[in-house]
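Have a look at the structure below, then the notes.
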Amino acid sequence: MSLRKCPDCGHDVSSNAPSCPHCGRPFRKSPPSIELSGVLIIAVVCAAVLAWRLSAQYQTAGEPAPAVAPETTIAQPTRTGAGLTARIGYNRKLLLLRIENGDSFAWSNCQLSLDARGISSGYVRSVETIRPGLTDAALIELGEFVDGDGHKFDPATEPVATLDITCDTPQGQRSYGGRF
């Protein structure tokens with residue numbers, strides 16, 4: 001323990017005393033410890049390395065990122081007029097069709113045709129009822145569609161291109177055609 005002179009009153013005071021016992025003058029706190037300084041230096045170095053690595057990662061990516069197709073594609077209607085009001089979504093990852101009835105009435109005895117071309121009916125699937133509304137949408141797996149020979153639709157060998165729907169309604173038979 002060493003002694004030092006108080007700058008205000010001139011008395012000798014212990015170097016560990018927080019203030020002068022004679023006049024009450026507070027002394028400045030001791031400088032930060034070496035441990036705290038070491039921790040701060042390490043933190044600054046780590047932050048600098050992290051910033052450098054992140055900037056190098058973005059600078060080396062000179063090529064544009066490849067475009068990724070969205071998982072869900074929405075069908076665009078191909079027919080106009082007094083038909084079914086539908087919103088059809090196709091999820092490529094789940095291999096699932098979501099058919100939402102946008103009319104105010106239920107559709108019944110529905111015949112769904114996937115990728116029908118010319119006189120070919122493509123792959124078909126029957127659905128008894130599709131109720132109106134967002135929460136009552138029909139979810140149909142692509143593997144449930146079969147062609148005239150009984151073969152199931154395989155999205156690995158054939159892309160989903162179109163969906164045609166024909167249903168009975170209170171106004172008679174109506175249809176919808178959509179292209180993905």
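Taking all protein chains together, Tyr123, Tyr176 sort by accessible area into Tyr123, Tyr176, largest first [probe 1.4 Å].
Model label sites at Asp136 and Arg117, defined 7 Å from Cα along the beta-carbon direction, differ in position by 3.6 nm. Computed from Cα positions, the angle between helix 34-60 and the longest principal axis of the chain comes to roughly 30 degrees.
Subtracting the Cα-Cα distance of Arg28 and Ser104 from their residue separation scaled by 0.36 nm leaves 19.3 nm. Between Lys152 and Asn91, the contour length at 0.36 nm per residue exceeds the Cα-Cα span by 20.2 nm.
The values are calculated or read from the model by the stated rules, or taken from the named source; none is laboratory data. What you see is a predicted model, and the numbers here were worked out from it, not measured in a lab. A quick note on method: Cβ atoms are made from the backbone with ideal geometry, for glycine too, and the neighbour counts reach across all protein chains shown. Accessible surface is based on the protein model in full, side chains and every heavy atom, while ligands, DNA and RNA are left aside. Shrake-Rupley method; radii C 1.70, N 1.55, O 1.52, S 1.80 Å.
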